[in-house]
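Q: This is the structure I have questions about; it appears just below.
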Amino acid sequence: MSGSTSSGYSVGQVADFAKVTVRTLHHYDEIKLLSPSGRTPAGYRRYGDDDLDRLQQILFYRELGFSLDDIASVLDDRDVSPSEHLLRQQRLLGGRIARLQEMAAAVEKALEARTMGNRLTPEEKFEIFGPGYEDHEAEAEQRWGDTEVWKQSQGRTARLAKEDWIRIKAEADGLMRRIADSVRAGVAPDSEQAMAIAEDHRMHVVRNFYDCSYTIHRGLAEMYTADPRFEETYEKEVRGGAAWFRLAVIANADRADRER
């Protein structure tokens, strides 16, 4: 990189290189995630090439949704070589690319559905979702029909074709299986794995129904345990599933709040 001196790079230069704020670099220093290897006689931070390499690793893991605590644990593990870090990143990027491709396919389907303007018939709703779906739909309209999210959801679902609903149902079933598998495996609800499931669930709602903020997602999580019918949906899959998922959603929302 250009701009280097014998004493390294200033915090402003590094912020410019990495497209982060000076405040972010100060915070990383304060929590010992990235401390500059040098100081000027006046006490100003000076970053060396090794520091920049570590910053690059930090930003990579941040992009993939790792918490700062988890990044510190990963990078400070002396049993992991630089080559192993690269292999891990290659696997993570592969997963991210696959998810983006799935999202791109979903967007393409949504565009097709908008053009077609198809809605499900009552028979198709029964076929895909089983009995009782229309009762739940009517109750939802009664409870939330005057809200913006209901209007947004109605606008989006009006453009969905039968194939889209089948995909949405498959996505929801997949999320439920991941929740059940995690509970059975004893995964902590505030772990990276659990929060990833919670975030995937939130984005499932965003992609298919309405803009589900973390605040709204918290409210949904509370409903999953407060309403026996919602709780039963999770309990059918695994005992304690509703309570576990509620905590996972809250942990994911709390992390998002801290990182703002």
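The values are calculated or read from the model by the stated rules, or taken from the named source; none is laboratory data. As the structure is a computational prediction, the values presented were derived from the model and not from experiment. Cβ: placed from backbone, ideal geometry, glycine included. Neighbour counts: every protein chain shown. Heads up: the accessible areas ignore ligands, DNA and RNA and are worked out on the full protein's heavy atoms, side chains in. Shrake-Rupley method; radii C 1.70, N 1.55, O 1.52, S 1.80 Å.
Q: Taking the full set of protein chains and a 1.4 angstrom probe, give the accessible area of F60 in square angstrom, rounded to the nearest 10.
A: Per-residue accessible area (F60): approximately 40 Å².
Q: Find how much the distance from D16 to S191 grows on full extension, using 0.36 nm per residue of separation minus their present alpha carbon separation; answer in nm with one decimal.
A: Gain in length upon complete extension: 59.7 nm.
Q: Could you pull the Cα extents of the range 1-62 along its three principal axes, largest to smallest, in whole Å?
A: Taking the Cα atoms of the range 1-62, the three principal extents are 31, 25, 18 Å.
Q: Quick check on packing: order 247-259, 162-174, 38-50 by the mean number of other C-beta atoms within 10 Å, highest mean leading. Intermediate values should be presented prior to the final figure.
A: Numbers: 247-259: 17.9, 162-174: 15.5, 38-50: 13.0.
Highest mean packing first, the order is 247-259, 162-174, 38-50.
Q: Run the quick spin-label model on D181 and Q90: label points 7 Å from Cα toward the beta carbon, then report their separation in nm to one decimal.
A: Here the modelled spin labels are 2.4 nm apart.
Q: Give the ranking of D181, D227, D77 by solvent-accessible surface, highest area first, calculated with a 1.4 Å probe.
A: D181, D77, D227
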